[in-house]
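So the structure is just underneath, and the comments pick up after that.
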Amino acid sequence: MPQKKPVVVVTRKLPDVIETRMMELFDARLNLADKPFSKNELMEAVKDADVLVPTVTDRIDASVLAAAGPNLRLVANYGVGVDNIDLASARSKGITVTNTPGVLTEDTADMAMALILAVPRRIAEGERVMRTGDWPGWSPTWMLGHRINGKRLGIVGMGRIGQAVARRARAFGMAIHYHSRRPISEQVEQELEATYWESLDQMLARVDIVSVNCPHTPATYHLLSARRLKLLQPHAYVINTSRGEVIDENALTRMLENRQIAGAGLDVFENEPAVNPKLLNLDSVVLLPHMGSATIEGRISMGEKVLVNIQTFIDGHTPPDRVIETMF
Ligand code: DGY
């Protein structure tokens, strides 16, 4: 007798090819209108679901998990960051959590590199001038930025994405410095000619550009605090393609306003989709709407990972991308 398909609730619109496969494999409840679920809608959804597929925009906190019915056994996150999910509550309820690592590394690193180039070279500012028709013509001293080649890049978090950023930055002639919980392998360190700093404070004071590439966890919340941001040199730039919460956004904004640092390239914000309005008035920042992983190829690969994680779990095996709290 054919088995009843598991109920899989997907909270946002996913690429068509992924949704089609979801429908074939599961009793999938899709969100074709792509309207984010309210907290009440999430609590309602988990009552009957066997599997929940949330994204970064859904807070799967203790109260949502407490509302879950007995069937909910898997939260298959569509995204690598799992700071939207209360992992401890999930564990205590025996709910497995999976994510989508690896498949958005290159895209996110590309975006970090794009910002590393865009901010010192004033690319967005120049583009704005063109659109307003205010270009006075070429001049030897107008719109001068700063050279990338030869500068020191300090990477905060040297996991998959941090290393992919380092590879790109090497190709642009930058010197790689990094801070991580532990040093990377000697072989990769040599390949990247990277310098490890056990002390983040020491590193921040010495680099020209900082790229944040660590996940947001309780330990990394406001890792770049007001105190640490003050260690940066006045000519330094801050790039963030990870999570807004890793930087004290208000402190960063104040420092940018007071020109205590030179600029910032931000793809992520503390209270998305809200952005500190003061940032919008600053020419020294480039702001992007959390689009580091936003390629169709990446989003399809993320969906494929979600499908494999769900199917493997339903087949009674440990899903390949099972998240364990100590990983973060
Ligand atoms: C991720 O996968 O963590 C991206 O930031 C989108 O959620």
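Applying the selection to region 224-270, what residues are of a type in the set (G, A, S) and either part of a strand (DSSP E or B) or in contact with a Phe, Trp or Tyr (Cβ under 9 Å, 6 or more places away or on another chain) (or both)? Listed by number, the residues that qualify are G244, A262, G263, A264, G265. Quick one: is I209 open to solvent by less than 20 Å² (accessible area, probe 1.4 Å) and either β-branched (V, I, T) or without any contact (Cβ under 8 Å) to a residue 40 or more places away in the chain (or both)? So I209 passes the test.
Going through region 85-105 one residue at a time, which ones are farther than 24 Å from D27 by Cβ, in a loop (DSSP other than H, G, I, E, B) and within 14 Å of the ligand (Cβ to nearest atom)? P101, G102, V103, L104, listed by residue number. All conditions but one from (1) outside the structural domain of P15 (by TED's automatic domain parsing); (2) under 15 Å from the mean Cα position of the chain (by Cα); (3) open to solvent by less than 50 Å² (accessible area, probe 1.4 Å) apply to A124; the one that does not is (2). Looking only at residues of region 214-235 that are of a type in the set (A, V, I, L, M) and in contact with a helix residue (DSSP H, G or I) (Cβ under 8 Å, 6 or more places away or on another chain), we find that the one that is farthest from the ligand (Cβ to nearest atom) is L231.
Report yes if L32 is away from the ligand (no atom under 16 Å from the Cβ) and open to solvent by less than 50 Å² (accessible area, probe 1.4 Å), otherwise no. No: the conditions fail for L32. Kindly check whether there is at least one residue in region 41-62 that is farther than 24 Å from P6 by Cα and small (G, A, S). No, the conditions are met nowhere in region 41-62. Only residues that are part of a helix (DSSP H, G or I), closer than 24 Å to V210 by Cβ and over 18 Å from the mean Cα position of the chain (by Cα) were counted across region 128-168, and they come to 1.
Looking only at residues that are hydrophobic (A, V, I, L, M, F, W, C) and touching a Phe, Trp or Tyr at 6+ places or on another chain (Cβ under 6 Å) in region 35-78, which one is nearest to the ligand (Cβ to nearest atom)? Break it down stepwise before answering.
Pass one, region 35-78, residues hydrophobic (A, V, I, L, M, F, W, C): 37, 42-43, 45-46, 49, 51-53, 56, 60, 62, 64-68, 72, 74-76.
Filter once more, keeping what is touching a Phe, Trp or Tyr at 6+ places or on another chain (Cβ under 6 Å): 53, 74.
Values: V53: 12, L74: 18 Å.
Looking at residues that are hydrophobic (A, V, I, L, M, F, W, C) and touching a Phe, Trp or Tyr at 6+ places or on another chain (Cβ under 6 Å), I get V53.
Within region 306-324, being assigned to a loop (DSSP other than H, G, I, E, B) and either open to solvent by 30 Å² or more (accessible area, probe 1.4 Å) or at pLDDT below 95 (or both) holds for D315, G316, H317, T318, P320, I324.
Residue count for region 271-305 satisfying the condition of being charged (D, E, K, R), in a helix (DSSP H, G or I) and within 16 Å of the ligand (Cβ to nearest atom): 4. Residues that are surrounded by fewer than 22 Cβ atoms within 10 Å (Cβ to Cβ), modelled with pLDDT of 95 or more and of a type in the set (V, I, T): does region 62-85 have at least one? No: region 62-85 contains no residue that is surrounded by fewer than 22 Cβ atoms within 10 Å (Cβ to Cβ), modelled with pLDDT of 95 or more and of a type in the set (V, I, T).
If you go through region 108-139 and keep only what is of a type in the set (G, A, S), more than 16 Å from the ligand (Cβ to nearest atom) and within 20 Å of Y237 (Cβ to Cβ), you end up with A118, A124, G126.
The values are calculated or read from the model by the stated rules, or taken from the named source; none is laboratory data. Predicted, not measured: the structure shown is a model, and the values here were computed from it. Every residue, glycine among them, receives a Cβ derived from its backbone with ideal geometry; neighbour counts consider all protein chains shown. Remember, those area values only see protein heavy atoms, side chains included, never the ligands or the DNA or RNA. Shrake-Rupley method; radii C 1.70, N 1.55, O 1.52, S 1.80 Å.
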